[in-house]
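Chemist: Below you will find the structure I want to go over with you.
The values are calculated or read from the model by the stated rules, or taken from the named source; none is laboratory data. Computed from a predicted model, the values in this text were never measured in an experiment. Using ideal geometry, Cβ is built from the backbone for each residue, glycine included, and neighbour counts are taken over all protein chains shown. Quick note on the areas: whole protein, heavy atoms, side chains included, nothing else; ligands and nucleic acids left out. Shrake-Rupley method; radii C 1.70, N 1.55, O 1.52, S 1.80 Å.
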Amino acid sequence: MIHLKSKSEIRAMKEAGKLAAEALSYLIENVKPGTTTAYLDKTAEDFITKRGGRPAFKGYRGFPASICTSLNNVVVHGIPSENEVIKETDLVSIDLGVEYKGYYGDLAWTVVMEEAPENARRLAETTKRSLFAGIAKALPGGRLFDISSEIQKVAESAGFNVIRQFVGHGIGKEMHEDPQVPNYGKRGRGILLEPGIVLAIEPMVSEGTWEVYVDSDHWTVKTVDGKLSAHFEHTVAVTESGPEILTYHEKFL
Ligand code: MG
């Protein structure tokens, strides 16, 4: 069942989205060689709670941290650790969710470190481009898979693959609501998009195969072939005048 949001709910979600985006922006300034992902996690938790929010991932189905840090061949849901130190060559994806005054905001961004392989930069740029191409299709009167197919088209025409096993989602008073938002599909299919639908659109794109497996920690999702993967996400409302990014931030464009 899809919960359509009123204009005032979308305004409230924009506040949650803003807090999430400001927290992630602050975190990304701290993504440096030598930093542990546990430090980023603590920094995120402090930032969010000081502003009156709650890190939405912490405790979600038992997830032990406030953010997901997914490096290199990790696709999503990586658990921050004291033992994981960011290197100059890494591709660093950070996913962050906030609950603020009863509403959720969710976004992710991939940082390419200075000496990461050339293909890492191209992968991240392509994944980001696929996100914004998908967002541009979050139009009233369109269909859900218009978003999906656009993401797939951008990723595949650059020679990359979209992950099938994990998808975007509706979001609102719950972090995960209907509908699921796959990163692949046929244009013109899926539910009708109408004002009040709010979606977390989140392409996960891999350099090699789209096949993944979940690590023995029951969270960390990795590519089967060990190749790189990138992840970008925004929370987006379908409005009468087109898509509105609720996790808007000048750094995440
Ligand atoms: Mg999400």
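Chemist: Mind listing just one residue for me: the one in segment 90-136 that is in contact with a strand residue (DSSP E or B) (Cβ under 6 Å, 6 or more places away or on another chain) and charged (D, E, K, R) and, of those, surrounded by the fewest Cβ atoms within 10 Å (Cβ to Cβ)?
Modeler: For segment 90-136, the residue satisfying everything is 121.
Chemist: So for segment 146-155 (the condition being more than 29 Å from residue 47 (Cβ to Cβ), in contact (Cβ under 8 Å) with a residue 40 or more places away in the chain and small (Gly, Ala, Ser)), does at least one residue qualify?
Modeler: yes
Chemist: Just to be sure before I move on: is residue 87 more than 15 Å from residue 175 (Cβ to Cβ) and either in contact (Cβ under 8 Å) with a residue 24 or more places away in the chain or open to solvent by less than 10 Å² (accessible area, probe 1.4 Å) (or both) in the structure I sent?
Modeler: Yes.
Chemist: Inspect all residues belonging to segment 197-207 and state whether any of them is more than 16 Å from the chain's Cα centre (by Cα), part of a loop (DSSP other than H, G, I, E, B) and away from the ligand (no atom under 16 Å from the Cβ).
Modeler: Yes, segment 197-207 contains a residue that is more than 16 Å from the chain's Cα centre (by Cα), part of a loop (DSSP other than H, G, I, E, B) and away from the ligand (no atom under 16 Å from the Cβ).
Chemist: Sticking with this one: Please go through segment 177-196 and give me each residue that is in a loop (DSSP other than H, G, I, E, B) and open to solvent by less than 20 Å² (accessible area, probe 1.4 Å), ordered by number.
Modeler: Selection gives 182, 183, 193, 196.
Chemist: From the list 120, 138, 133, 116, exactly one residue is more than 16 Å from the ligand (Cβ to nearest atom) and in contact (Cβ under 8 Å) with a residue 60 or more places away in the chain. Which is it? Lay out the reasoning, then the answer.
Modeler: Numbers: 138 fails: more than 16 Å from the ligand (Cβ to nearest atom); 133 fails: in contact (Cβ under 8 Å) with a residue 60 or more places away in the chain; 116 fails: in contact (Cβ under 8 Å) with a residue 60 or more places away in the chain.
Selected residue: 120, the only one of 120, 138, 133, 116 that is more than 16 Å from the ligand (Cβ to nearest atom) and in contact (Cβ under 8 Å) with a residue 60 or more places away in the chain.
Chemist: When you scan segment 222-245, how many residues do you find that are open to solvent by less than 10 Å² (accessible area, probe 1.4 Å) and in a loop (DSSP other than H, G, I, E, B)?
Modeler: 1
Chemist: Going through segment 141-163 one residue at a time, which ones are at negative phi and either of a type in the set (Gly, Ala, Ser) or within 16 Å of the ligand (Cβ to nearest atom) (or both)?
Modeler: Scanning segment 141-163 gives 142, 144, 147, 148, 149, 151, 155, 157, 158, 162, 163.
Chemist: Closer than 26 Å to residue 53 by Cα, more than 13 Å from the ligand (Cβ to nearest atom) and buried (at least 20 other Cβ atoms within 10 Å of the Cβ): is that true of residue 171 in this structure?
Modeler: No: the conditions fail for residue 171.
Chemist: Another question, then. May I ask you to list pairs of residues, at least six apart or on different chains, whose Cβ atoms are under 9 Å apart, with the first in segment 195-208 being at pLDDT below 95 and the second being away from the ligand (no atom under 11 Å from the Cβ)?
Modeler: Partner pairs satisfying both residue conditions: none exist.
Chemist: Whether any residue in segment 161-170 is within 17 Å of residue 125 (Cβ to Cβ) and not polar (S, T, N, Q) is what I want to check.
Modeler: Among the residues of segment 161-170, at least one is within 17 Å of residue 125 (Cβ to Cβ) and not polar (S, T, N, Q), which makes the answer yes.
Chemist: Looking only at strands (runs of 3 or more DSSP E) that fall completely inside segment 41-149, which ones have 3 or more residues that are among the aromatic types (Phe, Trp, Tyr)? Walk me through it before giving the result.
Modeler: Numbers: elements: 67-71, 74-76, 91-100, 103-112.
Answer list for segment 41-149: 103-112.
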